[in-house]
Amino acid sequence: MKYRVTLLALAVSATLLTLNGCSRDDAPADGGTAPAASAPKDEDADAFIARVNAEIKAMYPETTGAQWLSSTYINDDSQLIAAKANERYLAKLNTWIEQAKTYEGKPMSPATERAILLLKLSTAMPPPRDPKKLSELTTLATRMEGMYGAGKYCTTPDDPSTCRDIGALSNVLAERTDYDSQLEAWRGWHTISQPMRKDYVRFVELVNEGARDLGFADAGEMWRSGYDMTPAEIAAETDRLWGQVKPLYDQLHCYARAKLETEYGADKGSVSGGMIPAHLTGNLWQQDWTNLAGLLQPYPAAGTLDIGKALQGLQERNYAAETAKRGMDAKPSDFAEAERAAMSTTAIQMTQRAEDFYVSLGMPKLPASYWTKSQFIKPRDREVVCHASAWDMNMSGDVRTKMCIEPTEDEFTTIYHELGHVYYYLAYNDQPPIFQTGAHDGFHEAIGDTIVLAMMTPKYLESINLIEGERQGEEALINAQMRMALSKVAFMPFGLMIDRWRWGVFDGSIKPDNYNKAWWELKAKYQGVAPIETRGEEFFDPGAKYHVPGNTPYTRYFLSHILQFQFYKALCDASGHTGPLYECNYYGNPEAGKRFWAMLGKGASQPWQKTMKELTGGEKMDGSAVLEYFAPLQAWLKTQNEGRSCGWQAGAPAEGAAKG
């Protein structure tokens, strides 16, 4: 995951904060529209924002604590605590927004004017004014969180031993055991979201009511208003950016489909229209194709940047050390404890390695509390949300990550990604609370991945002993670029289509009785993937993706995959790198670190275009750095795909209009 907090907290805090606080008197118990407390008569706009910032910071730790508890101890009690905490915050937010109307058209400083705008846009879950509906909204959000976090597929419903969670089902796809096992695992995970459908329909009604109360046409228009651009402009901007990188994706899709057809046969390796079967990409949502690397590797005999074996070796050494401590008389329970201890040690070592990269750039070491309060591995005694997330608990240095780390390449790069959020929090902690967020939400997601691009270079991986010294010849380069493209390029259309679906859901052009059909039409249009059978409206496949029941806007992830290459190129230039972009590793470079830290420290205190210009020299998001980075692979793919019928046929999707 990959933002401030998880699921419900993200729903409350898409672009700013997850907060708590206001007394029981802030909302009447009999329904209706809650009266907003008036601002003090002698309070001008600047004083109003100063008061709101102080109230935010004072109430912040209580609600983040409730969300942390709900995500790390999933049960009815923790869900109730989280729901009520968010209910209180959203009631308070309504009060602030109503009070802010007092200052419309009145003199104020530019910073205050910006703060009032951000306050209005500070939640992805706009609260209805009716307190009963607000309570219903937070209850629905918490319940959907619980459904996702505790989701399991059981081949025999009455036999718990046959149940598998998301990790176990994901492993089936990752290991690519056989066609039928992958299909069963994919189908199985998509059963966990069926019970969410009714809740989600009502949830949409309530957040749309909240958005209209704030003056927006619907929640989708509100989401698109948070980019220092009009809603129509950001929609057009994402289309433009996708148009830049789509030719690269099309070539990757064509090559992957041909390899799948060779592996499984033409009848199973593709779906009618030239699309890729949804269960054969190595990922439950087709968003990351890294697990196909073994099948798609261009030159098996050439070098590879596969670091999974080295990480697994680290785990094995730690386990051997732990079992040796327990001596020859160890009991079975001792071996279980040794395994747990080894898992914890490995996870912390992986995290320390990621921290070292940031520190090498001149950034501070993580606070001691980070290491004692974070969740590094999955507990044995309770349900938790394992989806990785980064947390700022108090705006004063209590930062954490929540993961269930395993010794894999994906988990290792995810740690670097999550620490990007953490260092962003630390950098802008000196800003007023309303400005303590990313320049826009895509910035927050891009920070850690900007580091990942540098860490996944042969020079860096060799320096930390995860690969042996290899000569980066042409074949090894193409292998490395293929691995990176399966993660970065394969993701891009997925990052775009989720919000295209939700924009349609919110504006009503996608009706509840058409949810699933529209979902797969958009996946076909953008990704060129499809299930092997019709998925009717008895299913709710969108809910099988974390961010849909969590109500987390997803355009940020698409934008981050553009921005991270722009940021990477800017830092490479700052470090004095010469040569191909894909070879750049700025580990230990103080000038790159200085410029990066300066950008992080601005938070949302100024329009993102200005922040972008200070780092990159330009004010526009641009996909040209993506194409520069992958130029060798794109040329190679074009050669490999000569003579093939590339592209796919997809019906016209039911797509929501991008309203201005």
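The values are calculated or read from the model by the stated rules, or taken from the named source; none is laboratory data. These numbers come from a predicted model, not from an experiment. Here the Cβ is made from the backbone with ideal geometry for all residues, glycine too, and neighbour counts use every protein chain on show. Accessible surface is based on the protein model in full, side chains and every heavy atom, while ligands, DNA and RNA are left aside. Shrake-Rupley method; radii C 1.70, N 1.55, O 1.52, S 1.80 Å.
Values for this structure:
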{"quantity": "Rg/Rh ratio calculated on Cα atoms of the range 399-541 (Kirkwood radius)", "calculated": "1.06"}
{"quantity": "Share of carbon and sulfur in the accessible heavy-atom surface of the range 402-466 [1.4 Å probe, %]", "calculated": "43"}
{"quantity": "Lys/Arg +1, Asp/Glu -1 at C-beta; the chain dipole; positive extreme among THR95, MET196, TYR319", "calculated": "THR95"}
{"quantity": "Lysine pairs in the range 555-660 with Cα atoms under 26 Å, if 8 or more residues apart or on separate chains", "calculated": "16"}
{"quantity": "Formal net charge of residues neighbouring ASP410 (Cβ-Cβ distance under 12 Å; K, R +1; D, E -1)", "calculated": "-4"}
{"quantity": "Diffusion coefficient, µm² s⁻¹, Stokes-Einstein with Kirkwood Rh over alpha-carbon pairs of the range 509-588 at 37 °C and 0.692 mPa s", "calculated": "204"}
{"quantity": "Distance cut-off 51 Å, percentage of C-alpha pairs in the chain lying past it", "calculated": "7"}
{"quantity": "For the chain, size of Cβ-based charge dipole, Lys and Arg +1, Asp and Glu -1, in debye", "calculated": "500"}
{"quantity": "Gyration tensor over alpha-carbon atoms, the range 347-387, equivalent ellipsoid semi-axes in Å", "calculated": "25, 11, 8"}
{"quantity": "Kirkwood Rh and Cα Rg combined as Rg over Rh, evaluated for the range 280-364", "calculated": "1.12"}
{"quantity": "Of the GluC sites (Glu not before Pro) in the range 435-481, those whose Cβ has at most 10 other Cβ within 10 Å and which sit in DSSP loop", "calculated": "GLU468"}
{"quantity": "Zone residues, the range 360-404, relative to ASN75, backbone N less than 16 Å from point 7 Å out along Cα-to-Cβ", "calculated": "379-385"}
{"quantity": "Whether the range 504-555 is rounded, prolate or oblate, judged on the alpha carbon gyration tensor where a/c under 1.5 counts as rounded", "calculated": "rounded"}
{"quantity": "Per residue accessible area of the range 69-174, 1.4 Å probe, in Å²", "calculated": "42"}
{"quantity": "Relative contact order for the chain, counting Cα pairs under 8 Å that sit 6 or more residues apart, in percent", "calculated": "20"}
{"quantity": "Expected 222 nm ellipticity per residue - DSSP helices of 4 or more, -39500 (n - 2.57), all of the chain, to 500", "calculated": "-18000 deg cm²/dmol"}
{"quantity": "Equivalent-ellipsoid semi-axes of the range 104-212, from the Cα gyration tensor, Å, largest first", "calculated": "42, 18, 10"}
{"quantity": "Residue-count net charge about LEU118 - beta-carbon cut-off 13 Å; Lys, Arg +1, Asp, Glu -1", "calculated": "-1"}
{"quantity": "Hydrodynamic radius (Kirkwood) for the range 251-398, which is based on Cα pairs only, to one decimal in Å", "calculated": "19.7"}
{"quantity": "Cross-link reach list, aspartates and glutamates versus LYS84, counting only Cα pairs under 17 Å and skipping chain neighbours closer than eight places", "calculated": "ASP25, ASP26, ASP30, GLU62, ASP76, ASP130, GLU136, GLU145"}
{"quantity": "Accessible-area composition of the range 534-601, carbon plus sulfur, in percent [1.4 Å probe]", "calculated": "51"}
{"quantity": "Global form of the range 527-660, assessed from the alpha-carbon gyration tensor, a/c cut-off 1.5", "calculated": "oblate"}
{"quantity": "Restricting the range 37-133 to chymotrypsin sites (Phe, Trp or Tyr not before Pro) in coil, as DSSP defines it, with at most 16 other Cβ within 10 Å", "calculated": "TYR73"}
{"quantity": "Sum of side-chain charges, ALA530 neighbourhood, beta-carbon under 15 Å (Lys, Arg +1; Asp, Glu -1)", "calculated": "+2"}
{"quantity": "Low-density loop cleavage sites - GluC sites (Glu not before Pro) in the range 517-557, where at most 13 other Cβ are within 10 Å (DSSP)", "calculated": "GLU533, GLU537, GLU538"}
